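Below you'll find the structure, written out as structure tokens, and then a few comments.
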Amino acid sequence: MIYGFKEVEEKWQKIWTEQKVFHAIHDPKRRKYYVLEMFPYPSGKIHMGHVRNYTIGDAYSRYKRMQGYNVLHPMGFDAFGQPAENAAIKNKTKPDIWTHKCIEWMKKELGRMGFSYDWEREVSTCDHNYYKWNQWIFLKMFEKGLAYKKGSNVNWCPSCETTLANEEVIDEGCWRCHTKVEQKDLEQWFLKITDYKEKLLDDLRQLKDWPQRVIAMQGNWIGKSQGVEIYFRLKESDKIIPVFTTRVDTIFGATYIVLAPEHPLVAEIIKGKPEEKEALKFIHKVSKESKAVRSSEDVKKEGVFTGCYCVNPVNSETIPVWIADYVLMEYGTGAIMAVPTHDQRDFLFAKEHNLPMKIVINQPGGPPGQAPDNMREAYEGDGVQINSGQFDGLPNQQAKLKIAEWMEKEGIGRIQTHWRLRDWLISRQRYWGTPIPVIYCSKCGVVPVPYADLPVKLPKEAPFTGEGGSPLSKVSEFVNTACPKCKSPARRETDTMATFFDSSWYFLRFSSPKFEAGPFSMEEAGYWMPVDQYIGGIEHAILHLLYSRFFTKFFKELGMVAFDEPFKKLLTQGMVLKDGEVMSKSRGNIVDPDSIIKNYGADTLRIYILFAAPPEVEMEWSERGIEGAYRFLNRVWRLLENKRSKKEPPEKLKKKMHQAIKEVTLDLESFKFNTAISEIMELVNEIYQDSDADITEAVKTTVLLISPFAPHFAEEMWQRLGNKDSIFKAGWPKYEERLLEESVVTMIIQVNGKLRCKIEVPAGIAEENLKEIVFSDEKLKPWIEGKPVKNLVIVPKKLVNIVI
RNA sequence: GCCGGGAUGGCGAAACUGGCAAACGCACGGGACUUAAAAUCCCGCGGCCGCAAGGCCUUGUGGGUUCAAUUCCCUCUCCCGGCACCA
């Protein structure tokens, strides 16, 4: 008998849909559980990555439902974005038509996998009922000064023809198309995420159930570094040059200072100096170098002397001011103090340009008072201060604090913190996104669109030529409008929002997807949120997860939510590989989930993908593995053929059954689907061993345990076992600890830590009796006979270790 | 360089708080059933020595703690990821 997956899967999918089995109802009396998987971009086809992500979430949410939780498990589409525009250009269609078609396709494919979504809560970010609230949120941020426009040097992807946020630049390339990113000076809209940097960093500590690496990545990205800003006064003009350092303990060793070539003071201080010409030449040369070239490590550090001197405020020494390409304007103050003896970069530069050096930290164990001339590299480690005035003799870590405090008191420095995180650039010069709800009036300036006028709808038509420039700017009916304040002719903003804006709060919308008085109902969000379990790819470790945390903190400030963090637990699932590589069109190694569903059924695919590896590690695709999963389901299916025996099931089967319930339950709690399934396999193997007895209970249990993983299969078997109602109403099986207790236990007998034999004894055996049995054991004789026992370790019910 | 993660049979992996290393599956070998094949069911399956009983070795490297280490501590190597001329 072979399991007819096709009919079975279609049958149950139809029943689930008709009976709205997965519809979540707001009910504060019940305990809720919110399981969410990152919603997909509707490309039209689901890939194995989606299958893995959504199977994990589905299995877990079905399990939680069976445990009696009121489960929210919604799905939607991150539907704005560039591929729709590209498709429009390529296929001569419109982005919204293309997108909606893709959504339909994808819904069908998701349906075929048997995922238990509440489709009544579906949201699509390109729907104006959704993006209206993007605009509303933007206006709120604008009111609070968190959304602002400024001209600056921004990342530009020449292929996508749009600006990018810092977070979207990966290895100097565009996150979407990998094209090398260029720098451009443009006026753009930013969100002041930096206002939340401290909370974003500190609250990472709350996220106990997030993967370590995601926490680490966000921490790195936010990049807090504590140090001191020191004021150097120019010798001839009294102008102050602030520099930032994290090594204030080395300040007495500063023998020159260096400005970035772009530093605003440079032009002023070199003016009229004999060095001016050389300096200008150098600055010009550096300005032509790309960021990538300039920051590559093997490039020699170059620089020129400015002709100026300044004063080291701690010891009044006069030191020269240089310009060099290894100092970056974007970080710190764009100027550094150079301590060649204790910073490797400064060391190399000083050697190259014959600049003076002074040791101020004594290397422990090293020759005391070593001359800088003998140094081969800078000493960056800890040690004791020397040549540092009143701080001599202090360990440098202590000196760091003392010097900083002293400098603050003297007014020559200030303790300061620098951050890597920059404000979030959200303007995109693209059509298929949320219009930024702002109007430019020649009289009134930048005017936000009044709330009552939302949504600012995207025009249905726009010219998609692929020739660059924002398509919206070419739609005159859209662009030309009246100023909301003075009614005179005005222009609309034609940039749209980055799509990461859309996805920064969709999890809140799911709580009340049709709410009309705001982005979400505070009452319903208050019940469902935060997301209890979030599941998605590691590629969003910074981007989406950081932005969502930022939005949540903003909503909290507005009093719209009561929590700090949107996602309580996070699981980042591993990628699905084929032949050791990521599946991709360009590699031509894609396995289409649909073909697997056709040949083996969705349940086989689900079981396979959960069984092959733990969810968070990458897994290698294996056709053999699929066959194994298929074989396993059929093996379970054949249990239906079993002739009903009246023979009492043996003790070991009952025990295995309860053990399986226990293990599967524990494994599910910690997302160890692979071992959960292996435990069910063991149970099935045991049932086969005892198939001459009455196995009804054991089979029932097997089907219940397998139901979160292979839901159609389980429903069908459940029905054939004589049950009328859906298995998902049956409740999660319970185990009895009592039945798991062994009356006879196998104990391991070790001699000097080495396994020598095993004995079976009653579980509650007294130590004295145990010793007696052990020491009279024939097999042990050769090992212990005639040797004095030095120690005897007894671990009850487990082992005895005889030390001789 | 800093931060985070990892390394276990031919392969994917398992081992709870330190207590039988390799569960479960894949691949492979053998047997049963069959005219035959497929499917299925049963058995074997880390390495070395041995007819066997059994013994010795084995969780990237070297060391330590412990009666006992895949697990804890230190050293090193390699792999993956993030940040980085970041001052």
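Report the equivalent ellipsoid semi-axes for the range A:175-256 in whole Å, largest first, defined as the square roots of five times the eigenvalues of the gyration tensor built from alpha carbon atoms.
For the range A:175-256, the ellipsoid semi-axes come out as 34, 23, 14 Å.
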Highest-first arrangement of A:602-610, A:135-143, A:475-483, where packing means the average Cβ count within 10 Å
A:602-610, A:135-143, A:475-483
Can you give the local net charge around A:PHE305? Use residues other than it whose beta-carbon is closer than 9 angstrom to its beta-carbon, Lys and Arg +1, Asp and Glu -1.
-2
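Going by average Cβ neighbours within 10 Å, how do the peptides A:53-62, A:543-552 rank, with the highest at the top?
A:53-62, A:543-552
Please identify the GluC sites (Glu not before Pro) of the range A:514-584 that satisfy two criteria: DSSP loop assignment and at most 10 other Cβ atoms within 10 Å. Which are they?
A:GLU516
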Listed highest first by mean packing, meaning other Cβ atoms within 10 Å per residue, what order do A:501-508, A:525-532 come in?
A:501-508, A:525-532
Where Rh is the Kirkwood radius over the Cα pairs of the range A:438-584, the temperature 20 °C and the viscosity 1.002 mPa s, what D in µm²/s does Stokes-Einstein return?
115
Over the Cα atoms of chain A, compute the convex hull volume and normalise it per residue, giving Å³.
250
With the Cα gyration tensor of the range A:1-105 in hand, convert its eigenvalues to equivalent ellipsoid semi-axes via √(5λ) and list them largest first in whole Å.
31, 20, 13
Net +/- balance of residues flanking A:VAL617 in space, Cβ distance below 14 Å, scoring K and R +1, D and E -1:
0
Lysine pairs in the range A:146-264 8 or more apart or on different chains: how many have alpha carbons under 27 angstrom apart?
23
Rounded to 5, percent antiparallel among DSSP beta bridges of chain A:
75
Exceeding the 32 Å Cα-Cα cut-off - candidates A:LYS101/A:LYS457; A:LYS20/A:LYS578; A:LYS643/A:LYS758; A:LYS656/A:LYS758; A:LYS107/A:LYS734
A:LYS20/A:LYS578; A:LYS643/A:LYS758; A:LYS107/A:LYS734
Once Lys and Arg are counted +1 and Asp and Glu -1 for all other residues with Cβ under 13 Å from that of A:TRP528, the total becomes +1
Just the number, please: Stokes-Einstein D of the range A:649-804 in µm²/s, Kirkwood Rh from C-alpha pairs, 20 °C, 1.002 mPa s.
117
Solvent-accessible heavy-atom area per residue, rounded to whole Å², over the range A:118-273 at 1.4 Å:
44
Per the helix-only model, chain A has a calculated mean residue ellipticity at 222 nm (DSSP H runs of ≥4, -39500 (n - 2.57) each, divided over all residues, rounded to the nearest 500) of -10500 deg cm²/dmol
Qualifying GluC sites (Glu not before Pro) for the range A:213-289 [loop in DSSP, other Cβ within 10 Å: at most 12]:
A:GLU236
Counting only protein heavy atoms and a 1.4 Å probe, tell me what percentage of the range A:696-804's accessible area is made up of carbon and sulfur.
51
Under a straight-distance cross-link criterion of Cα-Cα below 18 Å, which lysines are reachable from A:LYS646, leaving out those fewer than 8 residues away in the same chain?
A:LYS654, A:LYS700
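The values are calculated or read from the model by the stated rules, or taken from the named source; none is laboratory data. Predicted model, so just to flag it, every value in this text is computed and none were measured. Positions of Cβ are generated from backbone atoms using ideal geometry, with glycine treated the same way; all protein chains shown enter the neighbour counts. Heavy atoms of the whole protein, side chains included, go into the accessibility calculation; ligands, DNA and RNA do not. Shrake-Rupley method; radii C 1.70, N 1.55, O 1.52, S 1.80 Å.
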